[in-house]
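Encoded as structure tokens, the structure appears first; notes follow it.
The values are calculated or read from the model by the stated rules, or taken from the named source; none is laboratory data. Computed from a predicted structure; not experimentally measured. Note that each Cβ is placed from the backbone with ideal geometry, even for glycine, and that neighbours are counted across all protein chains shown. Keep in mind that these areas ignore ligands, DNA and RNA; they rest on the heavy atoms of the full protein, side chains included. Shrake-Rupley method; radii C 1.70, N 1.55, O 1.52, S 1.80 Å.
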Amino acid sequence: MARSQIWFAFVTLTLASLFISAIADDVVVLTEENFEKEVGQDRGALVEFYAPWCGHCKKLAPEYERLGSSFKKAKSVLIGKVDCDDQKNLCTKYDVTGYPTIKWFPKGSLEPQKYEGPRTAESLTEFVNTEGGTNVKMAVTPSNVVVLTAENFDAVVLDESKDVLVEFYAPWCGHCKSLAPTYEKVATVFKSEEDVVIANLDADKHKDLAEKYGVSGYPTLKFFPKSNKAGEDYNEGRDLETFVSFINNKCGTSRDGKGQLTSKAGTVESLDALVKEFVSASNDERKAILSKMEEEAGKLKGSSARHGKIYLKAAKSCMEKGVDYAKKETERLQRILEKSISPSKADEFTVKKNILYAFI
């Protein structure tokens, strides 16, 4: 592997690690190494023992994350979790025989009591407040799913500038309730994409619209791309990864399951091919290649046209500032990305970093 490839892989891994640490702050990840440093000390602890493959654990996950968010500022309570696939000895020690198992560890004690109540954020909050002597209010997380009605359906779904995924559901439908947390995550992943809309419609309340689009069971998912407002049936998997892959493929987006831009975001294949020529060419030859890049960039549309301008600016900067420009600029962007910045700025700098990598 070339030195530049190794370096870029290191940068990507570093940023990923930082992001994972950031999202894990609200629910503390517990292992054999840190369990007794965090639990049984000067605060009570609610601990979920789970397995990554467990369906009930996946269903609980968004509720437990809301719980963690609610108690993140409560100094007298810790909300934690243990991956029993990874920490088998720890789970055996605490007699975990099924997943998820939730246990409360009182302040100063490693002798827990099992939580037997409902597995909702509201019920868990009530339990922790009672046991921990706190008075925390449940965190309210605004939804990123666009709620459709008879009044706004056409304006949202039939907008030819948007790619729209619609879930037709019924409030009493068990499968709809199971899908809801995953669907919310899908909406969160793509919330920064202006051309992508994740929406739902109460088909029980709006029967006419459901019938119009041939909905006979719940949940029914239909995709309305910019090019086909008659709608297409969504018949793929209903897990987060499959939804994200589907949207990326259909809409030309480049997001991962956590909503972060991938290393392909912003890259344009035709321009990357010219950049390879540009990098290996002499200064005199680069002028001719830059003209080809300008011609190719002029053919691009939408977001690709914006990305094409970044390619051209990067090429001109490389010619003016020397061969080290791309590497130094990528390092600078990395330092910025490691700081606390807005999601829109993170997207902007990630796209620039991805494009600049082609020049290294």
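Could you order Ile247, Ile360 by accessible surface area, starting with the largest, using a probe radius of 1.4 Å?
If we order Ile247, Ile360 from most to least accessible, we get Ile360, Ile247.
If R0 is 30 Å, what FRET efficiency do you get for Ser178 and Lys107 from their C-beta distance, rounded to 0.05?
0.25
Hydropathy first: keep DSSP H helices in the chain averaging at least 0.0 on Kyte-Doolittle, then drop any whose Cα extent along the axis falls short of 20 Å, and list what survives.
3-23
Quick one: how many Å² of Ser282 are accessible to a 1.4 Å probe, rounded to 10?
For Ser282, solvent-accessible area is about 50 Å².
Round to the nearest 0.05 the FRET efficiency obtained for Asp85 and Glu241 when R0 = 22 Å and r is the Cβ-Cβ distance.
0.75
Give the list, by residue number, of cysteines in the chain with no other Cys Cβ closer than 4.7 Å, or say none.
That list is Cys251, Cys318.
Can you work out the FRET efficiency for the pair Asp154 and Lys250, with r the C-beta to C-beta distance and R0 = 25 Å, to the nearest 0.05?
The value I calculate is 0.75.
Students sometimes get this wrong: rank Tyr357, Tyr94 by accessible area, probe 1.4 Å, all chains present, largest first.
Tyr357, Tyr94
Out of these labelled values of Cα extents along the principal axes in Å, (i) 75, 56, 32; (ii) 69, 47, 35; (iii) 56, 55, 32, which was calculated from the coordinates shown here?
Derived directly from the coordinates: (i).
Of all DSSP beta bridges located in the chain, what percent are antiparallel, nearest 5?
45 percent
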